[in-house]
Amino acid sequence: MKTILITGGAGFIGSHVVRLFVNKYPDYKIVNLDKLTYAGNLANLRDIENAPNYIFEKKDICDFDAIKTLFDKYNFDGVIHLAAESHVDRSIKDPFTFARTNIMGTLSLLQAAKEAWKDNTDGKLFYHISTDEVYGSLENGGFFVETTSYDPRSPYSASKASSDHFVRAYHNTYGLPIIVSNCSNNYGPYQFPEKLIPLFINNIRNNKPLPVYGKGENIRDWLYVVDHARAIDLIYHKGKNGETYNIGGFNEWRNIDLIKVMIKVTDKLLGRAEGESEKLITYVSDRAGHDLRYAIDSTKLHKELGWEPSLQFEEGIEKTVHWYLDNQEWLDQVTSGEYQKYYENMYKIKS
Ligand code: NAD
Ligand code: TYD
């Protein structure tokens, strides 16, 4: 019997991690702590919300007193920390919120864990979920490995890099048991439609312009979200204290090529002629400081812990398009209200 705190469990990746742990480990108690920002949505967890081993706590990770109280209340064995501000475009407009949540929020969790576990760290683990974006941009080929120097270039990646440094500092200075993993871009169900893949599927469905930044030549390395959740489960249980693991599926795509695949799959499922929605592609001004290429080498995770992705990209993207088309109610709910203002504001500036 373990009690695990999962932060950010109402968000995209967090909801998949919570679902996996709640279903796979009926003898664990899973406490999902989430502030429910615009990106947090309890509808992402409808299927498990009544499970006897699941508890939701609406809290802000920056509220140190509230976090300390939770550690006293539940006596956590482990923390899997996903709560964060996660969208690069928003970080360009509002870096302060990113520094507050991603840096100060992580610090507040680290300090609470350190205090709660001060007498005995046996069996305890603070597992921090991070991104490949901390390594910077690969302009001249190659891959990010665990020892690649940090070179964050956006306010988002700078805040995540800073939080990673704090996690390692707590290990080195206070002996807190920690693991950090850095994953490539995720895609799949329940991703907030401000990110490329769900935004474009939704726009294709609604015959709205597809705003491609710059020339569409930037490259991202895509992993199906359930495979990230599987990696997190494996690393939490089998990873070594103090280690870093890169997670990715060796699946690089130029944005424009990926967009054409999405159009093909979505048009097919909507019964449109092949390529009909390519007319929606609209080149807009580039993102400031737009990183050219991310590509992660996850050999260590494969060799040491035996992880590999379960899905080929073609299958993953088809499942994903299917899911968004089948879950229009979810999409309509998250794209109403505040979302409209965000969208108009963001894309008025870019086009
Ligand atoms: P998301 O934006 O979908 O979800 C973030 C969640 O954190 C939301 O539920 C939100 O309500 C919650 N949250 C935000 N601020 C909070 C606060 N102050 N207190 C408590 N909860 C708060 O993000 P995601 O895409 O699911 O990413 C989860 C984690 O994985 C992040 O740490 C991100 O940096 C990392 N990551 C994401 C990707 C990706 O492709 N999405 C890739 C690698 C790593
Ligand atoms: P995104 O999903 O925001 O992830 P990240 O910036 O963290 O990699 O963007 C993925 C890629 O798609 C990135 O190169 C920016 C590009 N992009 C567009 O061209 N248009 C858009 O409207 C968005 C949101 C992203």
Out of curiosity, is His322 open to solvent by less than 50 Å² (accessible area, probe 1.4 Å) and either on the phi < 0 side of the Ramachandran plot or touching a residue at least 12 places away in the same chain (Cβ under 8 Å) (or both)? no
Restricting region 152-198 to residues that are away from ligand 1 (no atom under 12 Å from the Cβ) and among the basic types (Lys, Arg), which is surrounded by the fewest Cβ atoms within 10 Å (Cβ to Cβ)? Arg168
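Counting just the residues of region 134-158 that are assigned to a loop (DSSP other than H, G, I, E, B) and free of Cβ contacts under 8 Å to residues at least 60 places away in the same chain, which one comes out nearest to Arg90 (Cα to Cα)? Working first, answer last.
Initially, region 134-158 is screened for residues assigned to a loop (DSSP other than H, G, I, E, B), giving 136-143, 145-154.
Filter once more, so that each one left must be free of Cβ contacts under 8 Å to residues at least 60 places away in the same chain: 140-141, 147-152.
On the way: Asn140: 27, Gly141: 28, Thr147: 29, Thr148: 26, Ser149: 25, Tyr150: 22, Asp151: 20, Pro152: 16 Å.
Only one residue fits best here, namely Pro152.
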Anything in region 44-70 that is more than 9 Å from ligand 1 (Cβ to nearest atom), open to solvent by less than 60 Å² (accessible area, probe 1.4 Å) and either modelled with pLDDT under 95 or among the charged types (D, E, K, R) (or both)? List them, or say none. Glu57
State the number of residues belonging to region 71-86 that are surrounded by 19 or more Cβ atoms within 10 Å (Cβ to Cβ) and either more than 16 Å from ligand 1 (Cβ to nearest atom) or not hydrophobic (A, V, I, L, M, F, W, C) (or both). 4
Long-range neighbours under 9 Å by Cβ, at least six apart or interchain, first residue at negative phi within region 167-185, second modelled with pLDDT under 95 and within 16 Å of ligand 1 (Cβ to nearest atom): Ser184/Gly249
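Does Ile259 meet the test of being within 12 Å of ligand 2 (Cβ to nearest atom), surrounded by fewer than 19 Cβ atoms within 10 Å (Cβ to Cβ) and farther than 26 Å from Ile129 by Cβ? If you could, list the steps in order and put the result at the bottom.
Values: within 12 Å of ligand 2 (Cβ to nearest atom): yes; surrounded by fewer than 19 Cβ atoms within 10 Å (Cβ to Cβ): no; farther than 26 Å from Ile129 by Cβ: yes.
No.
Among the residues of region 316-351, write down those that are among the hydrophobic types (A, V, I, L, M, F, W, C) and within 15 Å of ligand 1 (Cβ to nearest atom). Explain how you work it out, then say what you get.
Step one: of region 316-351, the residues among the hydrophobic types (A, V, I, L, M, F, W, C) are 317, 321, 323, 325, 330-331, 334, 346, 349.
Passing the criteria: Ile317, Trp330, Leu331, Val334.
Would you check if there is a residue in region 296-308 being within 16 Å of ligand 1 (Cβ to nearest atom), among the small types (Gly, Ala, Ser) and within 16 Å of Asn218 (Cα to Cα)? Please lay out each step first, then the result.
Step one: of region 296-308, the residues within 16 Å of ligand 1 (Cβ to nearest atom) are 296-298, 301, 307.
Keeping just the survivors that are among the small types (Gly, Ala, Ser) gives 298.
Applying the additional criterion that residues be within 16 Å of Asn218 (Cα to Cα) yields none.
No, there is no match, as no residue in region 296-308 is within 16 Å of ligand 1 (Cβ to nearest atom), among the small types (Gly, Ala, Ser) and within 16 Å of Asn218 (Cα to Cα).
Condition (residue is in contact with a strand residue (DSSP E or B) (Cβ under 9 Å, 6 or more places away or on another chain) and modelled with pLDDT under 95) applied to region 214-229: is it met by at least one residue?
Step one: of region 214-229, the residues in contact with a strand residue (DSSP E or B) (Cβ under 9 Å, 6 or more places away or on another chain) are 214-225, 227-228.
Add one more test, that the residue is modelled with pLDDT under 95, and what stays is none.
Checking region 214-229: not a single residue is in contact with a strand residue (DSSP E or B) (Cβ under 9 Å, 6 or more places away or on another chain) and modelled with pLDDT under 95.
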Take the residues in region 195-209 that are over 23 Å from the mean Cα position of the chain (by Cα) and of a type in the set (Lys, Arg), then tell me which one is farthest from ligand 2 (Cβ to nearest atom). Arg205
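Tally time: how many residues in region 305-351 are hydroxyl-bearing (Ser, Thr, Tyr), modelled with pLDDT under 95 and over 24 Å from Lys260 (Cβ atoms)? Quick ask: steps written out before the conclusion?
Step one: filter region 305-351 for residues hydroxyl-bearing (Ser, Thr, Tyr), giving 310, 320, 324, 335-336, 339, 342-343, 347, 351.
Pick out the ones that are also modelled with pLDDT under 95 and you get 335-336, 339, 342-343, 347, 351.
Imposing the further condition that a residue be over 24 Å from Lys260 (Cβ atoms) reduces the set to 336, 339, 342.
Counting residues in region 305-351 that are hydroxyl-bearing (Ser, Thr, Tyr), modelled with pLDDT under 95 and over 24 Å from Lys260 (Cβ atoms) gives 3.
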Of all residues in region 38-87 being free of Cβ contacts under 8 Å to residues at least 60 places away in the same chain and of a type in the set (Val, Ile, Thr), the one that is farthest from ligand 2 (Cβ to nearest atom): Thr69
Which condition breaks for Asn246 when tested against (1) more than 30 Å from Gly175 (Cα to Cα); (2) open to solvent by less than 40 Å² (accessible area, probe 1.4 Å)? (1)
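Would you mind finding the one in Ile92, Ile103 that is in contact with a Ser or Thr (Cβ under 8 Å, 6 or more places away or on another chain) and within 16 Å of ligand 2 (Cβ to nearest atom)? I'd like the intermediate steps shown before the answer.
Values: Ile103 fails: within 16 Å of ligand 2 (Cβ to nearest atom).
Answer to the check: Ile92.
If I ask for residues that are touching a Pro at 6+ places or on another chain (Cβ under 6 Å) and over 19 Å from Val167 (Cβ atoms), which ones from region 80-136 would you list? It would help to see each step written out before you state the result.
Our first condition is that a residue be touching a Pro at 6+ places or on another chain (Cβ under 6 Å); within region 80-136, this holds for 91, 95, 98, 121, 124-125, 134.
If the condition is that a residue be touching a Pro at 6+ places or on another chain (Cβ under 6 Å) and over 19 Å from Val167 (Cβ atoms), then Ser91, Pro95 are the ones that fit.
Quick one: count up the residues across region 298-351 that are among the basic types (Lys, Arg) and under 20 Å from the mean Cα position of the chain (by Cα). Even if it seems obvious, please write down each step before you answer.
Going through region 298-351, the residues among the basic types (Lys, Arg) turn out to be 300, 303, 319, 341, 348, 350.
Remaining after also requiring under 20 Å from the mean Cα position of the chain (by Cα): 319.
The number of residues fulfilling the criteria is 1.
Filter region 269-286 for residues that are in contact (Cβ under 8 Å) with a residue 60 or more places away in the chain and away from ligand 2 (no atom under 14 Å from the Cβ); which is most open to solvent (accessible area, probe 1.4 Å)? Can you show your working first?
Looking only at region 269-286, we keep the residues that are in contact (Cβ under 8 Å) with a residue 60 or more places away in the chain, and these are 270, 277, 280-286.
From what's left, away from ligand 2 (no atom under 14 Å from the Cβ): 270, 277.
Numbers: Leu270: 62, Ser277: 1 Å².
Only one residue fits best here, namely Leu270.
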Can you confirm whether Gly289 is within 15 Å of ligand 2 (Cβ to nearest atom), open to solvent by less than 60 Å² (accessible area, probe 1.4 Å) and at positive phi? yes
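The values are calculated or read from the model by the stated rules, or taken from the named source; none is laboratory data. Small disclaimer: the values here were computed from a predicted structure and weren't measured. Quick reminder, even Gly has a Cβ in these numbers, built from the backbone with ideal geometry, and neighbours come from all protein chains shown. To get the accessible areas, we keep the full protein, side chains included, count just its heavy atoms, and leave off ligands, DNA and RNA. Shrake-Rupley method; radii C 1.70, N 1.55, O 1.52, S 1.80 Å.
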